[in-house]
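Some notes on the structure that comes next.
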Amino acid sequence: MTDMDKKTLVRWSRIEHGDWRLHIAATDRGLCYIGSPDMPLSQLEAWVGARMAGSDLVRDDARLAPYAHELAEYMDGARRTFEAPVDFRGTAFQLAVWQALTDIPYGETRSYSDIANVVARPAAVRAVGAAIGANPVLVCVPCHRVVGKSGAMTGYRGGLDMKIRLLELERGANAAAPEQAGTARTR
């Protein structure tokens, strides 16, 4: 049996930290999905069905705890980069765009045109936007740091409220309240 023939086990958990409520998922290779706030499990199930057809989806709060911990630290303003491995699944172009996103410094933004230039496809601004919109690992792969050329807020899979909140968090304008600090809970 080859690796291609084996089913992928996708483990998931729901984290709650302060007023953040997100589903996260990982394979044995790393974090593969962070959901939009307050969305039902069906959003994750649909993503797994479309991207990893035939995979088994199993709840495993203990195995996802390290990922939840890093996200909680980020949400508290105590973490600027993520160390846990990520299991990217996409086209070569999407992978290049997602890698470019990880190079945007914490608290800074870039335009879609900037990212198109980084991936050496300056005329592919719309394709860059589509690749950014397909990013399955919100927050860790910081697509929230991409804005319109004029600095305008643009679409975001997690919703514009989440995008603005993440940018404010990174700019120090939305520091976590003391009662929100601590370790994320899984539910």
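Of the residues M52, M75, which is under 15 Å from the mean Cα position of the chain (by Cα), modelled with pLDDT under 95 and of a type outside the set (S, T, N, Q)? Within the list M52, M75, the selection yields M75. Selection of first residues in the stretch 11-30 that are farther than 12 Å from V58 by Cα and of second residues that are surrounded by fewer than 23 Cβ atoms within 10 Å (Cβ to Cβ) and among the small types (G, A, S), restricted to Cβ pairs under 6 Å at least 6 apart or on distinct chains, gives the following pairs, ordered by first then second residue: I15/A68.
Take the conditions (1) part of a helix (DSSP H, G or I); (2) within 21 Å of L64 (Cβ to Cβ); (3) at pLDDT below 95; I164 misses just one of them, which is (2).
Given the structure, is Y156 surrounded by fewer than 19 Cβ atoms within 10 Å (Cβ to Cβ), out of contact with any Gly (no Cβ under 8 Å at 6 or more places or on another chain) and among the hydroxyl-bearing types (S, T, Y)? The answer is no for Y156. For the stretch 71-103, the set of residues classified as crowded, with 20+ Cβ neighbours inside 10 Å and touching a residue at least 60 places away in the same chain (Cβ under 8 Å) consists of L71, A72, Y74, M75, D76, listed by residue number. R14 passes every criterion in (1) touching a Ser or Thr at 6+ places or on another chain (Cβ under 7 Å); (2) more than 17 Å from E70 (Cβ to Cβ) apart from (2).
The values are calculated or read from the model by the stated rules, or taken from the named source; none is laboratory data. Everything numeric here is computed off the predicted structure, so don't read it as measured data. Note: ideal-geometry Cβ built from the backbone for every residue, glycine included; neighbour counts use all protein chains shown.
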